[in-house]
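The values are calculated or read from the model by the stated rules, or taken from the named source; none is laboratory data. Since this is a predicted model, take the numbers as computed values, not measurements. Here the Cβ positions follow ideal geometry from the backbone for every residue, glycine too, while neighbour counts run over all protein chains shown. Note: areas computed on protein heavy atoms with side chains; ligands, DNA, RNA excluded. Shrake-Rupley method; radii C 1.70, N 1.55, O 1.52, S 1.80 Å.
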Amino acid sequence: MAMNGMVCINIREMSGVVEARQRVATVCEAQGFGAALSDKVAIIVTELVTNIVKHAGGGELLIRPFNEAGVSAIEFLALDRGPGIMDIGIILQDVNFPDGSPGKGLTAVRSLSSFFDIYSLPGKGTAILARIDKESPVPGPGSPAPQESSRMKIGVVCLPLVPDEPCGDGWDVARLRDRTVILVVDGLGHGPEAAKVPREAIRIFRKDPNGEPAEILRTLHAALRSTRGGVAAVAVIDEDRGRVTYAGAGNISGRIITGSVTQKMVSLNGTLGDQIRKFQEFSYPWDAEALLIMHSDGLTGHWDLEDYPGLARKPPALIAGVLYRDQTRGRDDVTVLALKPAGVKT
């Protein structure tokens, strides 16, 4: 269920609207969106980019195509480090805002989106999540967001260091009958040779995601000997038993956050496809309020979700987007994956 193919557009001026609309038109075609739906997507992109430029002076627009539970969709993350929004509730009220105000643009985006949410801290910036589904009818203003169709909600940012270069990071999620299996992998270095590592790892993982984490890593280790190698981690969530089993090789980071308690998961030293001394699994408790975050070393490990009041209650895509915006090292490919049970209210 990997949702790769994410596009990142740096927005600095209004000319970014043209680039964003051109890029998203290609995504719409690939996802099989018709003309009417593509026009709505273009409006969403225009409003998001305009909002970034006018009210934050710049930022990033992330565009991600995905197909899940029979629905083709396009997801947008608009990220900025601007002044933030003092009162989101007022901004999102269905009132007649003057043209050019943030309320005007955001209410338009919300009315056209199948799913919409926002996270903002005064003085620290704003993150906007909008998704438009191919198969689902677009709701009108005030309509409830559609229910998630699967047991886990997943949000991810996966981007190369150099725009339009193949990404040396990768990820995949297998939804099995009794558990959810997550893989995050990072090829050594970046560029085309590094990108071969996650491609091969995901190909092998999809053949048989049913094993335990250490067994999966051992299989990947053998398969990646023909590549330059990389690091990876596998987490298996067993909801019925209330347990996460985790195994990591190298510097993939994993945390389970439940309320104010954070459990850092253990990865051992080693490089898959090259040298690794042993594979070892660790078990951690999991419950219906838990949040799992896994990321490559393209993200600093010094972040603390307590610095972002209320973010843990937001959709995983917003969590991944905010961490990417604020914690990216800027010298390697980066993957941030956030996951929580679908029953958790956001």
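Could I have the simple spin-label model distance between Arg331 and His302, label points 7 Å from Cα toward Cβ, reported in nm to one decimal?
Rounded to a tenth, the inter-label distance reads 1.3 nm.
Quick check: pseudo-label points 7 Å beyond the Cα along Cα→Cβ at Ala222 and Arg177, how many nm apart are they?
For the pair Ala222/Arg177, the computed spacing is 2.6 nm.
Test of understanding: extend the Cα→C-beta vector of Asp274 to 7 Å, then name every residue of region 282-305 with backbone N under 15 Å from that spot.
Correct set: 297.
Mean separation of Cα pairs under 8 Å and 6+ residues apart, divided by the residue count of region 192-233: what relative contact order is that in percent?
On the way: 22 pairs, mean separation 23.5, N = 42.
Result for region 192-233 is 56 percent.
Can you tell which of Val7, Gly191, Gly84 lies farthest toward the positive end of the dipole of the chain, using +1 and -1 charges on the Cβ of basic and acidic side chains (Lys, Arg; Asp, Glu)?
So the residue we want is Gly191.
Using alpha carbons only, how many degrees (0 to 90, rounded to 10) separate the axis of helix 35-56 from the longest principal axis of the chain?
90 degrees
If you filter region 232-337 for trypsin sites (Lys or Arg not before Pro), then keep DSSP loop positions with at most 15 other Cβ within 10 Å, what is left?
Those that pass, being in a loop and sparsely packed, are Arg241, Arg277, Lys278, Arg329, Arg331.
Can you quote the Å³ per residue value for the convex hull of the Cα atoms in the chain, rounded to an integer?
Working: hull volume 43.6 nm³, N = 346.
Enclosed volume per residue, from the Cα hull, is 126 Å³.
At 1.4 Å probe radius, can you tell me the per residue accessible area of the chain in Å²?
Working: 14870 Å² over 346 residues.
Value for the chain: 43 Å² per residue.
Determine the shape class of region 1-44: with a ≥ b ≥ c the square roots of the Cα gyration tensor eigenvalues, call it rounded for a/c under 1.5, and otherwise prolate if a/b is greater than b/c, oblate otherwise.
Oblate.
Check which residues have an amide H placed less than 5 Å from Met152's amide H, if you skip close sequence neighbours.
Amide H neighbours of Met152, under 5 Å, 5+ apart: Ala342.
What distance in nm lies between label points placed 7 Å from Cα along the C-beta direction at Lys54 and Arg23?
Going from the Lys54 label point to the Arg23 one covers 2.1 nm.
How much of the accessible area of the chain, probe 1.4 Å, is carbon plus sulfur, in whole percent? Before the final figure, lay out the partial values.
Values: 7250 of 14870 Å².
Of all accessible area on the chain, carbon and sulfur atoms account for 49 percent.
Based on Cβ point charges of +1 for Lys and Arg and -1 for Asp and Glu, what charge dipole magnitude is obtained for region 227-323 about its Cα centre, in debye rounded to the nearest 20? List each step's numbers first, then the result.
Details: 9 positive and 11 negative charges, 54 e Å.
Roughly 260 debye, rounded to the nearest 20.
Whole Å is fine, so just give me how far the alpha carbon centre of region 15-34 lies from that of region 149-189.
Region 15-34 and region 149-189 have Cα centres separated by 23 Å.
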